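What follows is a single structure, written as structure tokens, with notes after it.
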Amino acid sequence: MRIRSKAAILLALVLPAISCSRGPKYEFPLVQKYTSQAGDVFYFRPRDGQFVLVERRKALAVAIAPEPNIEAFSYDDRITVSRPMSEGGPQGGPQGEMLENRTILEKLTAQQILAISADGRLLAGGDGNGVVNIWNVPNATLEARLKEASGILSLAFSPDGNFLAIGLAKPADEPSDTVWIYDIRGESTQRSFGRNAALSLAWSVDGRWCAAGFDDGSVLLAETGTYSEPQRIVLSTSPIAALAFHPSGLFLASAHLDKRVRLTKLPKGEPVFTFEPALPPIPFFPRVIERVAFDGTGGRLAVDYADGDIRIWDSSALAKSLTK
């Protein structure tokens with residue numbers, strides 16, 4: 001009996017070591033939890049990493065340029081913009097700045113999707129008819145208008161504002177690409193790819209990679225400035241509602257309609273971790289997840305569920321794994 005007990009103890013010690021040797025173990029403790037109004041959005045302020053919550057104001061879509069603190073809201077027939085008041089004006093508000101709100105565009109077709117460049121200069125809007133408008137925000141003038149083959153599902157400016165990625169619904173008639181990268185300065189399409197509905201888009205911090213998330217649960221990674229075939233990574237069978245690159249560019253966070261958030265190591269697409277939902281998806285909120293984002297250091301990962309539940313995890317384990 002003693003020999004068997006010693007053998008059992010030895011086996012118990014060896015097995016965990018074997019299982020740990022198969023890959024790194026990551027821990028992502030929950031550090032903060034917020035309850036907001038359904039549809040509210042957030043961002044991490046670049047200069048200090050502060051988490052900022054923005055009320056949706058019953059808008060169809062919201063786009064935010066964090067550093068100049070410009071917030072754009074799309075309604076049925078207009079677009080309004082909130083921005084800091086001029087220097088010398090009154091200061092206040094929950095984030096220490098008083099914002100002025102004004103309507104910059106009126107008598108528009110409802111813009112279901114919005115995206116704003118990082119410097120707040122350009123604003124893009126897309127509708128269900130496949131029309132994409134690009135406006136100059138300071139002048140409230142139209143810079144370009146594009147007509148795509150199907151409804152617009154997602155938009156994202158590259159970090160330098162030189163390119164706009166456009167995600168489309170799958171055309172009903174004949175097959176065509178559903179992700180288009182538009183060169184704003186060159187006023188031309190740089191490339192296109194994908195055949196499924198492109199629900200989400202994201203750029204890496206350095207602008208080298210553009211990721212498109214599709215309704216079949218896969219991602220295509222396209223390298224800008226090249227015409228090489230995008231890399232396809234199958235993450236799940238659940239459609240991808242939102243994407244975010246880790247600042248290192250070596251990890252990708254994907255938020256799915258089954259309410260799971262998955263972390264994947266690039267470029268091979270190795271699964272790292274899956275955040276299970278606290279509650280199952282609610283049919284009343286079809287998008288399920290509004291946004292997923294890392295802070296500027298990659299040390300925190302925030303997920304904005306459409307029902308108003310916002311959670312922030314400590315994701316510093318990702319950066320630490322790169323130094324080992």
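See the values below:
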quantity: Any pair with Cβ under 7 angstrom, 6 or more apart, that starts in the range 225-237 at a residue that is at pLDDT 90 or above and ends at one that is charged (D, E, K, R); calculated: LEU235/ARG262; SER236/ARG262
quantity: Residues that are loosely packed, with under 14 Cβ neighbours inside 10 Å and assigned to a loop (DSSP other than H, G, I, E, B), drawn from the range 133-150; calculated: PRO138, ASN139
quantity: Qualifying residues in the range 41-65 (those that are under 20 Å from LEU123 (Cα atoms) and part of a loop (DSSP other than H, G, I, E, B)) - the one modelled with the lowest pLDDT; calculated: ARG57
quantity: Filter result for SER158 (under 27 Å from PRO84 (Cβ atoms), in contact (Cβ under 8 Å) with a residue 60 or more places away in the chain and of a type in the set (S, T, N, Q)); calculated: yes
quantity: Residue check, PRO247 in contact (Cβ under 8 Å) with a residue 40 or more places away in the chain, open to solvent by 20 Å² or more (accessible area, probe 1.4 Å) and not in a strand (DSSP E or B); calculated: yes
quantity: Every residue from the range 177-223 that is open to solvent by 30 Å² or more (accessible area, probe 1.4 Å) and in a loop (DSSP other than H, G, I, E, B); calculated: ASP177, ILE184, ARG185, GLY186, GLU187, ARG195, ASN196, VAL205, ASP206, ARG208, ASP215, ASP216
quantity: Search result, residues across the range 224-244 that are in a strand (DSSP E or B) and among the β-branched types (Val, Ile, Thr); calculated: ILE233, VAL234, ILE240
quantity: GLY167 being touching a His at 6+ places or on another chain (Cβ under 9 Å), within 26 Å of ARG262 (Cβ to Cβ) and at pLDDT 95 or above; calculated: no
quantity: Tally of residues being open to solvent by less than 60 Å² (accessible area, probe 1.4 Å), at pLDDT below 95 and either of a type in the set (D, E, K, R) or assigned to a strand (DSSP E or B) (or both) across the range 101-125; calculated: 2
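The values are calculated or read from the model by the stated rules, or taken from the named source; none is laboratory data. Just so it is clear, the structure is predicted and the values come from calculations on it, not from any experiment. Neighbour counts run over all protein chains shown; Cβ positions are idealised from the backbone, glycine included. Ligands, DNA and RNA are excluded from the accessible area calculation, which covers all protein heavy atoms including side chains. Shrake-Rupley method; radii C 1.70, N 1.55, O 1.52, S 1.80 Å.
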